[in-house]
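Comments concern the structure below.
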Amino acid sequence: MENFRFTFTSMIRPILCLLLLITYFDSQAGKITGKVTDEKGAPLSYASISIKGTTKGTNANSSGSYSITLAPGQYTLVCQYVNYRKHETSVTVTNEDQVVNFTLSIQELTLGEVIVRKGEDPAYEIIRQAIKKRSYYNNQVDSFTVDVYIKGLLRSRGLPSKIFGKKIERDDNDGLDSAGKGILFLSESMTRVSYTKPDKIKYRVLSSRQSGGGFGLSFPFFINFYQNNVSVFDNNLNPRGFISPVADGALNYYRYKYEGSFVEDNKMVNTIKVTPRRKNEPLFSGTIQITEDDWRIYSLDLQTTTEYSLELIDTLRVSQIHGSIAPDTWKTRNQVVYVAMKKLGFDFAGNFVNVYSDYDLTPGFTSKSFNRTIMKYDTAFNRKDTNYWNSVRPVALEADEKKDFVYKDSMAKVSRDSFMTRSHIDSLRKNQKPVTLKGIVWSGADHRFYGKRRTVSYHLKPLLPQIEYNTVEGVSLNVEQQFSIAPRKGKYSYNLDWNTRYGFSNSHFNSYADLTIKPRRGDYRNRYLMLSGGKRLSQFNQDNPINPLTNAVYTLFWKKNYMKLYENWFGKVVYNNRFENGARMTFNATYEDRIPVENSTDYSFSNKGGMWLPNHPFELAHIPFFRHQALVVGVTIAWQPGQRYIEYPWAKVPIGSKAPTFELSYNKGIKDILGSDVDFDKWQFSLYDNMNFKMGGEFKYRFSVGGFLSDKSVGIPDMQHFNGNQTFYNIKYLNSFQLAPYYRYSNTEKFYALAHVEHHFNGLLTNKIPLFNRLKWNLVVGSNAFYVNNENYYLEAFAGIENIFKLFRVDFVNAYQPGLGNKFGVRVGFGGLIGGKVSFSE
């Protein structure tokens with residue numbers, strides 16, 4: 001016992017000493033608070049307060065309040081705000097807190113002697129000089145580190161009660177008032193950024209939190225106006241980017257007006273008003289300040305709107321103050337990005353504040369400083385307490401922001417602490433919405449079964465939209481049910497999809513299920529094992545080139561029964577895994593007892609149209625399809641080189657690269673095992689990528705080659721089918737041929753080649769065409785082709801308009817096919833800012 005006391009004392013003494021030292025040094029610091037206002041007393045939101053002669057500083061919040069903690073000593077505080085006169089004040093920091101307020105006056109500009117060339121505004125010569133120096137300042141620093149405080153805030157100013165006729169369900173603990181006003185999103189982070197030429201960068205997230213829980217916003221938005229093309233939010237607000245007012249060709253896009261100049265720190269600063277020459281180009285308007293003689297950016301306040309190619313939101317405003325961080329070297333000291341949107345009854349506004357401090361231009365990087373991990377989270381990044389944030393936060397929180405953190409964090413803690421308790425489970429059971437007849441028929445039904453060991457979620461897809469019509473089954477009723485089992489403990493979760501259908505014309509009943517087993521953690525790797533089996537109805541082309549609804553419309557109105565089907569009893573195993581190096585592997589093994597089916601009805605709304613086509617693809621009439629068995633195993637491996645990663649304390653997540661993706665697939669038909677009749681070897685190699693050329697648009701491509709190494713016994717479902725399209729719309733761009741028949745070119749040849757290319761102009765050219773530029777309709781062109789041999793090939797070229805209502809795309813297509821000659825058609829699909837991200841699964 002005595003030994004224990006000695007050991008404990010010897011252990012605790014250095015810890016207590018360390019705590020005392022920390023407390024001592026912490027007490028030897030003084031806190032300065034204050035408010036920044038204009039001469040009328042109005043707060044100057046996010047004004048910059050820096051410590052002269054250092055790279056340290058802070059920002060005021062939206063109410064103009066600021067705070068900063070400094071060690072005892074003499075300092076000069078420098079307060080700046082765009083278009084206001086800089087103010088300096090000396091302070092003596094002691095252990096006592098003190099208040100230092102700033103009142104800034106509008107910067108008085110003088111129109112001194114300026115050189116006027118041929119009557120042009122002197123701003124143009126200043127901008128020309130700035131353009132000449134643009135590349136120098138953009139590449140001036142070889143490497144650096146900087147600490148960045150990032151604060152993101154989105155406020156709701158109103159929510160609609162319904163959207164598209166559907167009531168918006170709100171969480172009782174969302175923090176908004178009855179009118180839908182309040183804070184939607186609030187986060188803050190401290191991130192250390194390391195950079196070295198030419199393009200190596202690494203983010204180390206020291207700390208991060210989000211109101212109510214989450215990772216927060218940890219990526220600093222480096223908006224660099226020394227680049228010709230300015231990227232904002234990774235070009236998600238405009239895929240072309242925006243043209244900088246000091247870009248190489250900026251004089252072709254902007255008008256400039258000299259507003260005057262002022263002198264600060266013995267340096268003349270020119271203030272220039274920036275105005276776009278025309279609308280519908282990705283441009284800014286506002287003010288930029290350029291220093292005389294060295295022609296660098298001093299500060300800027302620029303904004304853009306939907307009139308200038310801004311997408312998704314209505315207004316974007318960027319405010320920056322640059323300052324000296326070393327002799328003859330300036331960098332951004334702080335940056336505020338304002339956003340606002342009002343659409344479909346949603347009204348929100350927000351800002352994203354970046355405060356840059358502790359620049360180091362000689363960081364002494366080693367060969368191991370940079371690797372493919374571009375962002376790494378510290379082990380305790382999300383476990384910092386309030387005292388920590390109060391000590392590092394350079395932008396004081398507003399009263400409602402403090403309340404939001406406290407309220408949402410408390411609610412999240414209550415939810416975690418009460419999770420799976422009896423009272424919580426009883427509450428969840430009680431508050432479930434009842435299953436209704438309307439839900440079963442039209443909108444779907446959901447129910448959860450809560451237990452102490454597991455939660456089972458049940459979902460029934462609505463019955464009415466699942467009613468189908470085809471010439472094999474006639475009217476068919478489909479019941480699709482989903483069960484999700486989430487154990488409280490254990491490594492895996494389970495999902496069961498159960499599909500049942502009945503055809504009223506042929507009286508056939510089919511039912512099958514998919515059981516998917518996934519790890520509860522590490523889902524970013526998309527690892528799963530899927531076991532399937534039962535009896536189903538399948539298309540001969542297993543890529544499902546036509547969906548049931550489209551087929552029903554063409555069948556009922558025009559007697560065009562394009563969908564070709566067969567039934568099969570089957571068993572299937574699929575294993576998918578994505579590795580940390582970015583490679584993906586999918587293994588599958590399928591056994592089918594394939595059963596031919598025939599048309600059982602010829603009902604149509606109209607007697608017009610041609611003759612009904614048989615269910616057996618008429619282009620393959622020379623190939624019989626009898627009942628047979630097939631065992632097919634396959635593997636697909638995909639890899640994107642140059643993979644980059646985000647590293648969390650518990651995992652490393654690949655996030656892609658600039659390189660194309662390589663994909664190789666191989667399928668083997670195995671004869672005689674389980675009575676299998678098929679015997680073939682089939683392969684395909686693909687290369688695909690999306691390439692963003694900013695102002696030049698986006699280029700997408702997919703090239704493939706493949707063939708049969710052996711084709712001793714190949715069933716129609718195993719043949720190489722090219723995805724045709726004989727309907728009015730297309731949704732499988734870069735994987736289909738818009739005017740090709742569905743089965744005319746199916747083959748078992750030793751070699752084939754495919755090519756799909758598209759170029760999305762994203763406003764280039766059409767922004768100069770009246771009406772098109774106002775509607776923001778964009779041009780898209782491309783081509784699809786395949787080659788098997790001199791008698792089996794296809795080529796089509798198309799030009800179209802996309803971004804119609806942000807959703808739709810219309811293509812005008814001309815195709816050449818041997819034996820059929822030229823063919824022209826129009827196709828409608830999804831394309832544009834939102835439509836281009838729509839995907840469908842069969």
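The values are calculated or read from the model by the stated rules, or taken from the named source; none is laboratory data. Not measured: the values here are computed from a predicted model. Here the Cβ positions follow ideal geometry from the backbone for every residue, glycine too, while neighbour counts run over all protein chains shown. Side chains are part of the model used for accessible areas, which takes the heavy atoms of the whole protein and leaves out ligands, DNA and RNA. Shrake-Rupley method; radii C 1.70, N 1.55, O 1.52, S 1.80 Å.
Could we say that GLU758 is at pLDDT 95 or above, assigned to a loop (DSSP other than H, G, I, E, B), out of contact with any Asp or Glu (no Cβ under 8 Å at 6 or more places or on another chain) and at negative phi here? Reasoning before the result, please.
Working: at pLDDT 95 or above: yes; assigned to a loop (DSSP other than H, G, I, E, B): no; out of contact with any Asp or Glu (no Cβ under 8 Å at 6 or more places or on another chain): yes; at negative phi: yes.
No; evaluated as a whole, the condition is false for this residue.
Out of everything in the range 348-380 that is over 26 Å from the mean Cα position of the chain (by Cα) and charged (D, E, K, R), what residue ends up being modelled with the highest pLDDT?
Taking the range 348-380 as the starting set, the residues that turn out to be over 26 Å from the mean Cα position of the chain (by Cα) are 357-369, 380.
In the following step, the residues that additionally are charged (D, E, K, R) were identified as 358, 360, 368.
Values: ASP358: 91, ASP360: 94, LYS368: 90.
Ranking the qualifying residues of the range 348-380, first place goes to ASP360.
Among the candidates ARG827, ARG774, single out the residue that is basic (Lys, Arg) and either closer than 28 Å to LEU620 by Cβ or part of a strand (DSSP E or B) (or both).
ARG827
Here's the yes/no breakdown for (1) open to solvent by 30 Å² or more (accessible area, probe 1.4 Å); (2) of a type in the set (A, V, I, L, M); (3) over 25 Å from TYR742 (Cα atoms):
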| position | (1), (2), (3) |
| --- | --- |
| ALA589 | no, yes, yes |
| GLY610 | yes, no, no |
| PHE625 | no, no, no |
| GLU647 | yes, no, yes |
| LEU664 | yes, yes, no |
| ASN667 | yes, no, no |
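If a residue has to be over 13 Å from PHE786 (Cβ atoms) and buried (at least 18 other Cβ atoms within 10 Å of the Cβ) to count, how many in the range 717-726 make the cut?
Residues that pass the stated criteria total 4.
Tell me the residue from SER507, SER476 that is closer than 26 Å to TRP569 by Cβ and open to solvent by 70 Å² or more (accessible area, probe 1.4 Å), please. I'd like the intermediate steps shown before the answer.
On the way: SER476 fails: open to solvent by 70 Å² or more (accessible area, probe 1.4 Å).
Step by step, each of SER507, SER476 is checked, and only SER507 is closer than 26 Å to TRP569 by Cβ and open to solvent by 70 Å² or more (accessible area, probe 1.4 Å).
Return the only residue of PHE703, PHE737, PHE708 being touching a residue at least 40 places away in the same chain (Cβ under 8 Å) and open to solvent by 10 Å² or more (accessible area, probe 1.4 Å).
None of the other options fit; the residue is PHE703.
Among all residue pairs at least 6 apart or on different chains, which show Cβ distances below 8 Å where the first residue, located in the range 623-640, is touching a residue at least 60 places away in the same chain (Cβ under 8 Å) and the second is β-branched (Val, Ile, Thr) and crowded, with 16+ Cβ neighbours inside 10 Å?
As it stands, the answer is ILE623/ILE716; PHE625/ILE716; HIS628/VAL678; ALA630/THR590; ALA630/VAL678; VAL632/THR590; VAL632/ILE670; VAL632/VAL678, since those pairs meet every condition given.
Any idea which residue in the range 47-58 is nearest to PHE352 (Cα to Cα), counting only those that are in contact (Cβ under 8 Å) with a residue 24 or more places away in the chain and open to solvent by 10 Å² or more (accessible area, probe 1.4 Å)?
For the range 47-58, the residue satisfying everything is GLY57.
Got a number for residues in the range 537-591 being in a strand (DSSP E or B), touching a residue at least 60 places away in the same chain (Cβ under 8 Å) and touching a helix residue (DSSP H, G or I) at 6+ places or on another chain (Cβ under 8 Å)?
Within the range 537-591, residues that are in a strand (DSSP E or B), touching a residue at least 60 places away in the same chain (Cβ under 8 Å) and touching a helix residue (DSSP H, G or I) at 6+ places or on another chain (Cβ under 8 Å) number 4.
List every residue pair whose Cβ atoms lie under 6 Å apart, where the two residues are 6 or more positions apart in sequence or sit on different chains, the first residue falls within the range 139-157 and is over 19 Å from GLY214 (Cα atoms) and in contact (Cβ under 8 Å) with a residue 24 or more places away in the chain, and the second residue, located anywhere, is outside any strand (DSSP E or B) and charged (D, E, K, R).
ASP142/LYS197
For the range 139-163, which residues satisfy the criterion of being open to solvent by 50 Å² or more (accessible area, probe 1.4 Å) and not in a loop (DSSP other than H, G, I, E, B)?
ARG155, ARG157, LYS162
Name the residue, out of TYR512, TYR524, that is more than 30 Å from ARG422 (Cβ to Cβ), open to solvent by 50 Å² or more (accessible area, probe 1.4 Å) and touching a residue at least 60 places away in the same chain (Cβ under 8 Å). So that I can check it myself, show each step before the final result.
Details: TYR512 fails: touching a residue at least 60 places away in the same chain (Cβ under 8 Å).
From the options TYR512, TYR524, the qualifying one is TYR524.
PHE722 fails exactly one of the following numbered conditions: (1) touching a Phe, Trp or Tyr at 6+ places or on another chain (Cβ under 7 Å); (2) in a strand (DSSP E or B); (3) of a type in the set (A, V, I, L, M, F, W, C). What is the number of that condition?
Every condition holds for PHE722 apart from (2).
Identify all residues within the range 175-205 that are under 23 Å from ARG393 (Cβ atoms) and open to solvent by less than 30 Å² (accessible area, probe 1.4 Å); write none if there are none.
Result: GLY182, ILE183, LEU186, SER187, GLU188, SER189, MET190, THR191, VAL193, SER194, TYR203, VAL205.
Taking SER606, is it surrounded by fewer than 17 Cβ atoms within 10 Å (Cβ to Cβ), farther than 24 Å from LEU687 by Cα and in contact (Cβ under 8 Å) with a residue 24 or more places away in the chain?
It is true that SER606 is surrounded by fewer than 17 Cβ atoms within 10 Å (Cβ to Cβ), farther than 24 Å from LEU687 by Cα and in contact (Cβ under 8 Å) with a residue 24 or more places away in the chain.
Checking the condition surrounded by 22 or more Cβ atoms within 10 Å (Cβ to Cβ), under 26 Å from the mean Cα position of the chain (by Cα) and not charged (D, E, K, R), which residue from PRO282, PRO394 passes?
PRO282
Is one or more of the residues making up the range 164-174 exposed (fewer than 14 other Cβ atoms within 10 Å of the Cβ) and either touching a residue at least 40 places away in the same chain (Cβ under 8 Å) or part of a helix (DSSP H, G or I) (or both)?
Residues of the range 164-174 exposed (fewer than 14 other Cβ atoms within 10 Å of the Cβ): 164-172.
After this cut, where a residue has to be either touching a residue at least 40 places away in the same chain (Cβ under 8 Å) or part of a helix (DSSP H, G or I) (or both) as well, the list is none.
Within the range 164-174, none of the residues are exposed (fewer than 14 other Cβ atoms within 10 Å of the Cβ) and either touching a residue at least 40 places away in the same chain (Cβ under 8 Å) or part of a helix (DSSP H, G or I) (or both).
Taking GLY73 and the conditions (1) within 19 Å of ILE272 (Cβ to Cβ); (2) surrounded by fewer than 17 Cβ atoms within 10 Å (Cβ to Cβ); (3) not hydrophobic (A, V, I, L, M, F, W, C), which numbered condition does it fall short on, given that it satisfies the others?
(1) is the only condition that GLY73 fails.
Can you tell me which residue within the range 798-842, out of those that are at positive phi and more than 31 Å from the chain's Cα centre (by Cα), is modelled with the highest pLDDT?
So the residue we want is GLY821.
Going by what's in this entry, would LEU104 be described as farther than 20 Å from THR55 by Cβ, in contact (Cβ under 8 Å) with a residue 12 or more places away in the chain, among the aliphatic types (A, V, I, L, M) and open to solvent by less than 50 Å² (accessible area, probe 1.4 Å)? Walk me through how you get there before you give the answer.
Values: farther than 20 Å from THR55 by Cβ: yes; in contact (Cβ under 8 Å) with a residue 12 or more places away in the chain: yes; among the aliphatic types (A, V, I, L, M): yes; open to solvent by less than 50 Å² (accessible area, probe 1.4 Å): yes.
Yes, satisfied.
Restricting attention to the range 748-787, report how many residues are in contact with a His (Cβ under 9 Å, 6 or more places away or on another chain) and open to solvent by less than 10 Å² (accessible area, probe 1.4 Å).
Qualifying residue count, the range 748-787: 2.
Scan ILE49, ILE68 and give me the residue that is of a type outside the set (Asp, Glu), within 20 Å of ILE325 (Cα to Cα), in a strand (DSSP E or B) and at pLDDT 90 or above.
ILE49
Look at the range 613-623 and say how many of its residues are open to solvent by 60 Å² or more (accessible area, probe 1.4 Å) and either modelled with pLDDT of 95 or more or assigned to a loop (DSSP other than H, G, I, E, B) (or both).
Going through the range 613-623 one residue at a time, the tally reaches 3.
Please state which one of TYR645, TYR688 is of a type in the set (Phe, Trp, Tyr) and over 27 Å from ALA753 (Cα atoms).
TYR645
Filter the range 648-698 down to the residues that are at pLDDT 95 or above and of a type in the set (Val, Ile, Thr) and list them by number.
THR661, ILE670, ILE673, VAL678
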